[in-house]
Structure formats: structure tokens, C-alpha cells
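Here's the structure, in C-alpha cells; my notes come after.
The values are calculated or read from the model by the stated rules, or taken from the named source; none is laboratory data. Quick caveat, the model's predicted, so the values are computed rather than measured. Here the Cβ positions follow ideal geometry from the backbone for every residue, glycine too, while neighbour counts run over all protein chains shown.
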Amino acid sequence: MAVGLGLSIGTVNTVSALAEEHSAKAPSGRRSAAQRSPAITRRTTLSFDSTGMARVGMIPRHGRAVTEFADLSQRKTEQARIGHRPLTAADLVAVVAECLITEARRERGDVGARVILTHPAGYTEGQVGEMRAALDAIGLSHVALVAEPVAAATWLEAERGPLMPGLALVYDLGGANLDITLVRVGAGCPRNPIVGIPVRSTEFGGRAFGALVAAQAGNGTSAGAVAGSVADELRTSHIRSSLKVVYRCLRMADLTMADVDCVLVVGGAARPVEVAQVLAAELARPVITAPDPERTIADGAAIMACRAAAADEDAAGQDHRRSAHRRATTRALLLSRRTRRRLARVAIATGMSAAGVALMLALPADTVVAGLSQLGLR
């Protein structure tokens, strides 16, 4: 059975998800929470013991954890140093991927060569190349790289599909930023379904909203009040303000909301119901949110990996069947030649005419074999 592993390494949290062949092919809208493939969420932190062994998601009691490295677009002068080896941000992302793959294989030995690691759609070719080189350097050349909104659109197709050809706006509200991307969905989708240029803003997200709440509390509002109705109002205002990023992305693609068929909301900061409510009211388009939007991208990547693994298995099965067919054909050909040689000898011994020999040689090998068996000559 094909199994795929999807990895989403964000600035704040990291999610790893598994997809099995039956779950990837399940009818849309029929998968309950219990039927979803397992997913694990951790803090995006790395710590190293005295031997250099890495651990993901742990804050050591003694020593320090490496954080704030997952976004390659945020350049820093120094990331980490293990012994005498300096590690870049891409190296650290690759180490996280290696730890998650090792853990998945320990728990599920059938996780094979199909693993997909997602990255922000706004990464340059150079940044994606850095990730590729870092993965290859530690033996993870089999890990494929896919843009986050493409993985999210795959989840949408698997969950709500088959979809009519159209355009989805992926609203990815994470802990550190907001990413807006337009993606083609449905039949006839191009190899690169991203339309226009993805737009990222650090003005919106979990941390930015936390700063708003803290500022409100600093203005004399009690913490309890901020955590209640005031927080809901702040979040509504926060999401409404983020629409300027949506419209900027549309303008850059020379499109309007009339060209968009649906809005797919993903990201850990998109859990509150106010997010989908504001977007649905303001954008006037169907808004789709997973039960746990933080794992949507990892789930989509796992589905893509599982489908690729299933395709590999089908190709291997076809090769096996073709090989078996070639062997059977060769055996039949050898049998036919051997039978015809025997028939020629019988014809010579019995004085059969040339026309009779030609007629017998034109018969199928199985028929000739049966005739020889009856004559006791086989």
C-alpha cells in the first residue's frame, strides 16, 4: 500500500502528515476526523545534544534552542554552529526534515522514497535551490519540494473535488505572516498552477494580532476583557485590514474577485471562526476552511506524495507484467519453433507432400502440439 509523507516547516510551528492510498482516494466530503491520516504539530525549534544529535520541538533545560530559521527570505548573519560546522537556515530546515522522516520511518516502516517538503510560494529560485542543495547534502535527494499553496490546492481537490476548472485564492494566515496566492484548480490545471505573483505581509498573522491585544491591554483594558469580546472585535478588524493584501495580489495578476471561484483559508492563525466569517462577508465568495487549517498544507503534501508513491507502484507492476508477458511470448515462440522442427521431421518420415507440410506449419503452435501428442510424437 502506498504511503506518502508531507512536511510543512513554518516559522512558528512544524506539521508532518501521513497519507495512505485509501485515504488519498477517498470520496470527497466523506472523510471524518477519525479517518484523517495522522498529523503531528511541533514548535519549529532545534536543539542539539553533546553528540550533535538534533531534536525538533524541544526547549532544553540547559543550553539553547535554535529558532526563527525556517523563513529563508529573512536573512540573518548567523544561524547555528555544530562543532566547527556552521549551519545556514536552509541547512537547519533540512535537519528538521531529516528528523521528521526518521521518526515517521521508525513509527511506520513503509514510508518509502516519497516525501514532499513544502516552501512559501514567494521563494526565489535561489532560495529553493538552497533548500535543494541542503537536502541533497544530507542524503535527502528523494525529498521533493512543492510550493505551499499548491499543496493546499491538492488538499482542496481531494476533500471537495472533483473541481470545475477555476481559480482559488489561498489565504494563508500563519503565526508570523500572511501569504496570498492565486492557484488554478480543476481539470486541465497547468504544471505550475500559480497565477501572478504571491504576496506576503508580516503585518498580519498570529504575532501581529498578539501585538494588537498587548497594545490594547496596555491602554488600560483588563486582560480578561481583551481576551473576550474585545479580542473578537480586534480580530475582526485585523482580518478586515488584511484585505488590502488580497486586493494587492489581485491587482498584480490583473484580476478581480469576480475571477475567483473560492477562497481557501489555511494556517494556524486562521482557526478562529471570525477569520472565515469576515472573508466570506467582505469577498462574497465561498470560503473553505479545514477543521484544522494549520495542517492543510502538510495534508496536501502528503496526498501528493502518496499519489506519487502509488504511481510508482503501478509503474513497477506494469513493468513486471510486461516482463512476464515477454517471457511467456518467448516460451511460446521457442515451443512453436521446436514443434515445427518436429513436424518437419514427421512429414519427411511419412512422405507428406510439400503443400501438406506448409499447411501444418501455418497452424498455431498449440494445435500442432495437440496433434503431435495424439500421435505420440511429443
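Taking each residue of region 138-162 that is in the same structural domain as Ala290 (by TED's automatic domain parsing) and looking for partners that are acidic (Asp, Glu) and surrounded by fewer than 24 Cβ atoms within 10 Å (Cβ to Cβ) with beta-carbon atoms closer than 6 Å, six or more apart or interchain, yields Ile138/Glu98. Scanning region 66-85 for residues that are at pLDDT below 85 and surrounded by 10 or more Cβ atoms within 10 Å (Cβ to Cβ) turns up Gln74, Lys76, Gln79, Ala80, Arg81, Ile82. Of everything in region 222-235 that is in a helix (DSSP H, G or I) and loosely packed, with under 14 Cβ neighbours inside 10 Å, the residue that is modelled with the highest pLDDT is Glu233.
Scanning region 86-130 for residues that are buried (at least 16 other Cβ atoms within 10 Å of the Cβ) and polar (S, T, N, Q), we see that the one that is nearest to the chain's Cα centre (by Cα) is Thr118. Just one of the listed residues (Val183, Val150, Val170, Val146) is under 19 Å from Ser16 (Cα atoms) and assigned to a strand (DSSP E or B), namely Val146. When the residues of region 236-264 are filtered to those that are small (Gly, Ala, Ser) and assigned to a loop (DSSP other than H, G, I, E, B), which remaining residue is surrounded by the most Cβ atoms within 10 Å (Cβ to Cβ)? Only one residue tops the list, namely Ser242. Return yes or no: is Val56 at pLDDT 90 or above and touching a Gly at 6+ places or on another chain (Cβ under 8 Å)? Criteria not met by Val56.
Anything in region 194-217 that is in contact with a strand residue (DSSP E or B) (Cβ under 7 Å, 6 or more places away or on another chain) and not basic (Lys, Arg)? List them, or say none. Hits for region 194-217 are Ile194, Val195, Gly196, Pro198, Val199, Ser201, Phe204, Gly205. Of all residues in region 273-291, which are in a loop (DSSP other than H, G, I, E, B), of a type outside the set (Gly, Ala, Ser) and either modelled with pLDDT of 95 or more or under 19 Å from Thr202 (Cβ atoms) (or both)? Those that are in a loop (DSSP other than H, G, I, E, B), of a type outside the set (Gly, Ala, Ser) and either modelled with pLDDT of 95 or more or under 19 Å from Thr202 (Cβ atoms) (or both): Arg285, Pro286. Taken together, the criteria place Arg271 among residues that are surrounded by fewer than 20 Cβ atoms within 10 Å (Cβ to Cβ) and touching a strand residue (DSSP E or B) at 6+ places or on another chain (Cβ under 9 Å). For region 278-299, the set of residues classified as without any contact (Cβ under 8 Å) to a residue 40 or more places away in the chain and surrounded by fewer than 15 Cβ atoms within 10 Å (Cβ to Cβ) consists of Ala281, Ala284, Pro286, listed by residue number.
Candidates Ala158, Ala133: the one that is at pLDDT 95 or above and either over 22 Å from Asp254 (Cα atoms) or loosely packed, with under 14 Cβ neighbours inside 10 Å (or both) is Ala133.
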